[in-house]
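The block underneath contains the structure these notes are about, expressed in structure tokens.
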Amino acid sequence: MKSLNSLPYNSITRFVKVVLLIRQLLVIYEKKCRKLMNLDVRGADTIKIDAIHTAIKSLIVNIDITATVVNAPSMRIQKLRDETLQPQLYELSRIYEDVETRSKVSPEAIASYNGDLFTRDHTSTQVLFGMPVQ
């Protein structure tokens, strides 16, 4: 059965590195935008404003490219989650619910319990734990 272990380790580490690179680019982008706004408010020279504006455009292109690179492994992880991990989680939750319903003791079973778990016919024990009485 497939899981996240089926993804190669180097592709996961590459994916993480690219995501971290996008974060770094976004931080730089925000700094450049603040700097551009400050220069604009102070009425700085148009050459400086144009240089910052050009740097921001370049950052936008880099962010778009790295986001595209991240998209392929991200789609693969989502597909793996949808095809294998989600059914496994569904099965696990179904088993848990089944165990939970079987482990509930009804008030009638407690009332009919005679206090001896080791009776010869085991009827009271079977009633107490919800097992079919034969």
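Please list 3J(HN,Hα) in residue order for the stretch 64-70, calculated via the Karplus relation 6.51 cos²θ - 1.76 cosθ + 1.60 where θ = phi - 60°; whole Hz, with x for glycine and proline.
Result, ordered by residue: 4, 5, 5, 5, 5, 5, 6 Hz.
Please sort 51-58, 91-98 by packing, taking for each peptide the average over its residues of neighbouring beta carbons within 10 angstrom, highest first.
On the way: 51-58: 13.8, 91-98: 10.0.
Ranking, from highest mean packing down: 51-58, 91-98.
Rule-based calculations on the coordinates, nothing more; no lab input. Everything numeric here is computed off the predicted structure, so don't read it as measured data. Here Cβ is always computed from backbone atoms with ideal geometry, including for glycine, and neighbour counts include all displayed protein chains.
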